[in-house]
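See structure below.
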Amino acid sequence: MVIESAQAFTLTFPGPSAGALAFVRSPAWALSRVEFLRHLRADDSGVRGELLVQLPVLGQADLPFHSRVVPTADGAALEPQPLSGERAWVEVQGSARAEDTGSVQTALDFSFMFRAHLAVPDGGGWGGDAFSKMVQAAARRTLERVARELPAGIAAAMADAPAAR
C-alpha cells in the first residue's frame, strides 16, 4: 500500500541569504525541531531518520527514510534513496529555495512530498479489506498531520544557532 501527502509553504529566515542557504542545505539543522522525526542524522550520504506513524491495531510504526541532499544554485533538494529489506518505509522528497528579498530577511520556499510504503497483512475477505482501509485512512491522516506540522518545526529550528545542532 502506498500513501502520499504533499506540502508547500514559505517561511521567512531571520537573516541574509547566505545564512538561509546554509540552513536549507543542512537538514540536521533545518529538521532538528520537527517532532515527528526520530533518530535524525545527516552525513555525506544524505539525511536518515524515522517518521513516527500511529496505525490502528498495529500501534506506533517507525517508518525509516533516507534522502540525498543535493545543493542547488538557490537552495537544496532532497532525493529519496531506496531502502531494502524494510516492510514499511517512507520516501521523503523535497526542495527548499532561498529567495533574496534585498532585506535583512530571506524568504524560503519549501515543497515536500511524503510517500509511505506499508506492507499490510492480508486478512482475506471483508474483514481484511476493512482492516486495510482502516490502516490506509489512519496512515493518510498521519501523513497529512505530518505535512501540516512540518512548517512549525522548521520555523522553530531557524532560531537555533548552527552550533546548537
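The values are calculated or read from the model by the stated rules, or taken from the named source; none is laboratory data. Computed from a predicted structure; not experimentally measured. Here Cβ is always computed from backbone atoms with ideal geometry, including for glycine, and neighbour counts include all displayed protein chains. These accessible areas exclude ligands, DNA and RNA; they are computed on the full protein's heavy atoms, side chains included. Shrake-Rupley method; radii C 1.70, N 1.55, O 1.52, S 1.80 Å.
What residues from segment 1-28 fall in the zone where the backbone N is under 14 Å from a label point 7 Å along the Cα-to-C-beta line of Thr101? Taking a point 7 Å out along Cα→Cβ of Thr101, the residues of segment 1-28 whose backbone N falls under 14 Å are 10-17, 20. Extension gain, Phe9 to Ala119: 0.36 nm times the residue separation minus the Cα-Cα distance gives 36.5 nm.
Listed values (1) 44, 18, 11; (2) 33, 15, 13; (3) 41, 17, 11 include one computed from this model; for semi-axes √(5λ) of the Cα gyration tensor in Å that value carries the label (2). The angle between the Cα long axis of helix 125-158 and the main principal axis of the chain comes to about 10°, on a 0 to 90 degree scale. Note on the chain: helix-only mean residue ellipticity at 222 nm, from DSSP H runs of 4+ residues weighted -39500 (n - 2.57) and normalised by residue number, equals -9000 deg cm²/dmol. Under 5 Å between amide hydrogens, built in the peptide plane, is the criterion, and for Gly75 it picks out Ala98 among residues at least 5 positions away or on other chains. Computing the accessible area with a 1.4 Å probe over protein heavy atoms, can you report the carbon and sulfur percentage for the chain? The value for the chain is 52 percent carbon and sulfur by accessible area.
Each peptide in 150-156, 111-117 was scored by the mean count of other Cβ atoms within 10 Å over its residues; highest first, the order is 111-117, 150-156. Farthest towards the positive end of the charge dipole of the chain, among the residues Val53, Phe110, Trp29, is the Cα of Val53, using unit charges on the Cβ of Lys, Arg, Asp and Glu.
The heavy atoms of Glu4 present about 90 square angstrom of accessible area, all protein chains included, probe 1.4 Å. For the chain, a simple Cβ point-charge model (Lys and Arg +1, Asp and Glu -1, everything else neutral) yields a dipole of about 260 debye relative to the Cα centre. Which whole-number percent gives the relative contact order of segment 1-139, counting Cα pairs below 8 Å spaced six or more residues apart? About 29 percent, as a whole number. Think of the chain as a dipole: +1 on every Lys or Arg Cβ, -1 on every Asp or Glu Cβ, centred on the Cα centre; then among Ala18, Val92, Thr72, Val92 lies furthest on the positive end. Arg141 sits among other residues whose Cβ lies under 15 Å from its own Cβ, and their net charge, with Lys and Arg +1 and Asp and Glu -1, is +1.
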